[in-house]
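Accompanying notes for the structure given below.
Bear in mind these aren't lab numbers, they're just calculated from the coordinates by the rules spelled out. Being a predicted model, the structure only gives us computed values, none of them experimental. Note that each Cβ is placed from the backbone with ideal geometry, even for glycine, and that neighbours are counted across all protein chains shown.
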Amino acid sequence: MIIAVASGKGGTGKTTVATSLALSVADKAPLFLDCDVEEPNAALFLKPALTQRERVGVLIPEVDWNECTFCGRCAQVCMWHAIAVVGRQVLIFPELCHGCGSCTLACPEGAIREVLHVMGSLESGRAGPILFGQGTLDVGQAMAVPVIRQLKKKHLVEADGAVVILDSPPGTSCPVVETMRGADFVLLVTEPTPFGLHDLRLTVRVARDELGLPVGVVVNRDGVGDAGVDGYCAAAGLPILMRIPHDRRIAEAISEGKALVEALPEYRPGFIELYQRIVHRDGGGTAQEVAR
């Protein structure tokens, strides 16, 4: 069971929900992957002992000038425009290269080989019974997707049949799509405000309408804002699986680096019930039902 926890914008409570869910099902020895590689912060709350680290990136072309005839075939096949041939020069733009290898395969002279362009790092370890992994994109790097893809590839092979929680980046861009890809369920965290509703619509369009994944909603800071999110979920057939009230104690715990269910254990049964609802796909009732 792979559960991706996502939200349309940062600061909605996505990591709060993801870490609390992992801690609440710790008896199942879950795998937790922080896929928000541009700003990973789940480790602040789960406090894993990180024992492994490796550098990762994409394979980019390197030209053997003794063999290159400057025919331009490499530039013709690159759909990302990461390589250009100008006169008797071959220009390579690592920031645009997706590491597809087309230029290497297409070169009639065999003048191109691939070398690793390091983009970030992967770290892993344990937080008690929770197996933890995170990716970190290097400062100045433009593409997060390769780091997320390698983080998932490294760990998901070993997690066959286990409970997996993916803490997605915020938004609806390519890193979010890469995180959601292959998930069994997408849990969308939102707020009952006009901004929250706007971003919820966007993430539903990506997760359910484009990727075809089952989706459920967690309303965080319930009690502020308006009823727009409830109305949208009811009309769109989206189950609201849990509501987390607007509670100052939660904000205080998060500011001190404490996970919600550890600082306020009374919320743990609600997260256990949330997991059961996801597993059984029963939607938890109507969109107006308030999860305990």
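Here is how the numbers come out for the structure above:
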| read-out | value |
| --- | --- |
| Two-site label geometry, Val118 and Leu211: point separation in nm, points 7 Å out along Cα→Cβ | 3.0 nm |
| Within a Gaussian network of the chain (alpha carbon springs, distance under 10 Å), most fluctuating of Val163, Val115, Val25 | Val115 |
| Rounded to the nearest 20 debye, dipole of the chain from Cβ charges on Lys, Arg, Asp, Glu | 200 debye |
| Residue exposure sequence - Ile278, Ile250 - by fewest surrounding Cβ within 10 Å | Ile250, Ile278 |
| Orphan Cys of the chain, criterion: no other Cys C-beta under 4.7 Å | Cys35, Cys68, Cys71, Cys78, Cys97, Cys100, Cys107, Cys174, Cys233 |
| Rounded to 5, the percent of DSSP beta bridges in the chain classed as antiparallel | 50 percent |
| Net lengthening on full extension, Leu264/Thr193 (0.36 nm per residue, minus Cα-Cα) | 23.1 nm |
| Reference-scaled alpha-carbon Rg (2.2 N^0.38 Å with N residues) for segment 57-118 | 0.98 |
| Principal-axis tilt of helix 145-156 within the chain, Cα atoms, nearest 10 degrees | 70 degrees |
| Fewest-first ranking of Arg281, Arg248, using other Cβ atoms within 10 Å as the exposure measure | Arg248, Arg281 |
| Per-residue [θ]222 nm for the chain (sum of -39500 (n - 2.57) over DSSP H runs n ≥ 4, rounded to 500) | -8000 deg cm²/dmol |
| Taking Thr203, Thr190 and counting other C-beta atoms within 10 Å, the order from fewest to most | Thr203, Thr190 |
| Full-extension gain in nm, Val157 to Glu273, via 0.36 nm per residue minus C-alpha separation | 39.0 nm |
| Stretch in the chain that is longest and holds no chymotrypsin sites (Phe, Trp or Tyr not before Pro) that DSSP places in a loop and that have at most 14 other beta carbons within 10 Å | 81-292 |
| Extension gain (nm, one decimal) between Glu95 and Asp184, 0.36 nm per residue minus Cα-Cα | 28.9 nm |
| Test item: Cα-centred dipole of segment 57-118, Lys/Arg +1 and Asp/Glu -1 on Cβ, debye | 140 debye |
